[in-house]
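First comes the structure, then the notes that go with it.
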Amino acid sequence: MKTEKQPVKTAAKPKVAFFDFACCEGCQLQITNFGELLLDVLGAVDVVEFREAISEKWDGDYDVVFIEGSIGDHHAEERLKKIRARAKVLIAYGSCATTGGVNGMKNSFELDEIRQSVYGKDYKLFDSTPTKRVDQVVKVDYYINGCPIYIPELVEVLKCALRGLPYSVPDNPVCAECKLNENVCMYERGLACLGPWTKAGCNSWCVNNGNICYGCRGEVTNPAKNANDVIGKYNLKPELIKAKFDMYNKCKEGVK
Amino acid sequence: MNYHILKKTELDGFVKKLAKTMKVCAPVAKGHNNFAFEEVTSAGEIALSYIPTILPPKKYFMPPREKMLDFDISEGKPKDTASFDSEKIALFGVHTCDLAGIQCLNMVFSEKPRDYNYILRKENVFIIGLECNGYCDTHASCALVGNHYPNGGYDLFFTDLGEKFIIHVGTQKGEELVEGMGLEKASPADLSALDKVREGKKKTFQNEIGVDPKSLPAIFAKGVDSKVWTDLGAKCVSCGNCTNVCPTCYCFDMADTINLDLKTGSRNRTWDSCQFETFATVAGGENFREERGARQRHRFYRKFKYPLDKFYRAFCTGCGRCTRTCMAKINLKDTLRALAAESK
């Protein structure tokens with residue numbers, strides 16, 4: 001007896017690609033570390049490019065692209081623009097892409113000076129521009145801050161992107177989540193922590209694990225202008241706080 | 001008058017017996033003079049002498065993150081199922097300030113529309129209070145609001161009499177527990193020892209700000225445009241610590257999360273804070289409390305003015321947590337003093 005063949009449902013899954021620029025590729029590594037959750041994610045999307053995990057390439061358009069890394073030379077700018085032209089939705093993920101990250105520290109120096117120190121006397125042969133966040137080059141539809149990204153947040157953003165819904169990066173300080181986790185405040189332990197000025201959304205990941213907040217998610221939109229009371233109460237040096245901020249937030253000052 | 005006795009040497013046995021029937025949560029030392037209510041299985045883990053915990057016991061009545069319902073939108077009409085998850089717990093060692101905090105929240109969540117998650121969870125919590133024979137530290141202002149003495153809100157209430165605890169039985173559930181454990185009745189000598197402790201507290205606990213609490217509503221009514229709020233605004237970093245640690249702050253945010261199948265999901269609530277810039281921002285970007293000073297003022301009015309009009313009770317319990325946790329040195333007692341001085 002011939003059984004009728006059930007038509008295989010092939011509702012095309014969204015084509016998703018991952019690209020990296022100036023970064024440590026640690027955010028890609030976070031995704032490969034998904035564990036079981038990866039199976040659910042792969043059930044919802046079709047990953048067509050992901051340099052750290054697969055060798056396939058894709059010629060067509062992308063439904064969603066994830067951009068990791070900051071933009072540090074002319075070639076990177078051109079490449080990013082080409083990817084954007086082929087992508088319906090672009091997600092910047094990781095500190096390098098969303099805030100400039102540690103690469104932003106480059107902008108604290110004269111460009112030629114820093115090129116010389118990295119590339120030596122023939123530095124002019126190596127193209128280099130001041131560090132830019134992804135949104136300083138192309139339009140960004142979604143942001144996933146953090147160094148590295150916080151996996152539960154990536155999944156939330158992916159779901160929003162697949163449903164065409166907006167995602168708002170929390171604009172409360174890390175303290176908001178840290179207190180809910182009932183951590184002993186780092187200031188009580190005698191350590192200067194950037195939690196009060198840094199965007200939440202990581203569930204105070206670092207503090208939960210005994211570390212201070214390094215400000216990797218970038219400053220809240222409207223940080224307190226006057227931190228003198230905090231600096232006074234805990235006997236801190238203002239330069240120390242500023243230097244801590246510069247580690248991840250240097251690109252905030254913009255690129256001329 | 002229903003009082004029983006528990007020798008301190010028998011406390012461990014008491015906790016262990018209790019832990020066999022329900023989860024026991026008590027203050028535990030976290031280092032750096034910080035404490036938190038956590039699950040314990042023996043008396044040795046409990047910090048009997050502790051300053052108010054980082055989070056008040058409200059976390060057991062309204063968890064910081066709580067699922068409200070599951071939904072399914074795979075077919076035409078969305079389906080939803082209410083979600084409620086709770087276990088029987090005993091809270092041991094709740095100070096009188098925190099008992100007052102729970103009483104305040106009980107009033108808020110019993111108002112219509114009732115919050116069934118809160119009310120059902122509350123039924124699962126057995127509360128054992130613990131008297132403060134002296135001040136925890138200088139940030140407390142419990143005498144100002146009359147919360148240094150017990151005023152109900154517990155199943156059992158412990159007072160330290162040196163070698164033993166005298167236990168006041170507050171409810172039928174409490175009665176059954178002490179009877180079940182076979183705790184002896186208090187003697188007249190024990191009761192006079194309790195009187196002595198209470199008498200001693202009259203001297204130790206004095207109105208901390210030297211302002212008659214009865215005059216506070218009038219002071220607040222006059223203080224809307226006070227410079228005090230501008231000063232607080234200049235200090236505040238909007239971290240939200242003061243409201244998260246407050247035993248009577250209960251504001252929350254609600255959001256739907258969909259699962260990766262994009263068909264099922266859940267509705268969840270999380271504690272929110274009026275100190276956040278996003279809190280009073282509405283569609284279109286208008287913010288009704290844009291300035292930090294206005295947000296701090298709102299917090300104080302939610303403790304000393306609005307609840308008095310509505311519930312005839314101050315919603316400050318005097319625990320001192322907001323002052324203790326503030327990184328920017330915003331001090332509740334100093335703020336009240338400054339406001340009172342201005343209104344003279």
Flag if B:ILE102 is in a loop (DSSP other than H, G, I, E, B), not basic (Lys, Arg) and not assigned by TED's automatic domain parsing to the domain that holds B:THR323: no
Matching residues in segment A:206-232 - criterion: being closer than 22 Å to B:GLU291 by Cβ, modelled with pLDDT of 85 or more and of a type in the set (D, E, K, R): A:GLU219, A:ASP229
Residue tally, condition more than 14 Å from every other protein chain (Cβ to nearest Cβ) and touching a residue at least 40 places away in the same chain (Cβ under 8 Å), over segment A:233-244: 2
Segment A:183-232 - residue that is within 12 Å of another protein chain (Cβ to nearest Cβ) and assigned to a helix (DSSP H, G or I) and, of those, farthest from B:PHE35 (Cα to Cα): A:ASN228
Selected residue (only one of B:PRO52, B:PRO27, B:PRO64, B:PRO56 is closer than 21 Å to B:LYS164 by Cα, in contact (Cβ under 8 Å) with a residue 24 or more places away in the chain and within 14 Å of chain A (Cβ to nearest Cβ)): B:PRO27
Among (1) among the polar types (S, T, N, Q); (2) assigned by TED's automatic domain parsing to the domain that holds A:GLY100; (3) within 30 Å of B:TYR60 (Cα to Cα) - the single one A:SER128 does not satisfy: (3)
Considering residues of segment A:152-196 that are among the hydroxyl-bearing types (Ser, Thr, Tyr) and within 20 Å of the chain's Cα centre (by Cα) only, the residue surrounded by the fewest Cβ atoms within 10 Å (Cβ to Cβ): A:SER168
Any chance A:LYS199 is more than 28 Å from B:ASP261 (Cβ to Cβ) and buried (at least 16 other Cβ atoms within 10 Å of the Cβ): yes
Residue under evaluation A:PRO166, criteria (1) part of a helix (DSSP H, G or I); (2) within 29 Å of A:VAL45 (Cα to Cα); (3) not charged (D, E, K, R), criterion not met: (1)
Residue list for segment B:208-259, restricted to those being within 11 Å of chain A (Cβ to nearest Cβ), assigned to a loop (DSSP other than H, G, I, E, B), surrounded by 17 or more Cβ atoms within 10 Å (Cβ to Cβ) and touching a strand residue (DSSP E or B) at 6+ places or on another chain (Cβ under 9 Å): B:VAL237, B:SER238, B:CYS239, B:GLY240
Residues of segment A:28-72 that turn out to be surrounded by fewer than 17 Cβ atoms within 10 Å (Cβ to Cβ), over 16 Å from A:VAL155 (Cα atoms) and in contact (Cβ under 8 Å) with a residue 40 or more places away in the chain, as a count: 3
Test: B:ALA193 is surrounded by 12 or more Cβ atoms within 10 Å (Cβ to Cβ), assigned by TED's automatic domain parsing to the domain that holds B:THR159, without any contact (Cβ under 8 Å) to a residue 60 or more places away in the chain and of a type outside the set (Val, Ile, Thr): yes
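The values are calculated or read from the model by the stated rules, or taken from the named source; none is laboratory data. Just so we're clear, the structure is a prediction, and the values are computed from it rather than from any experiment. With ideal geometry, Cβ positions are generated from the backbone for all residues, glycine too; neighbour counts draw on all protein chains shown.
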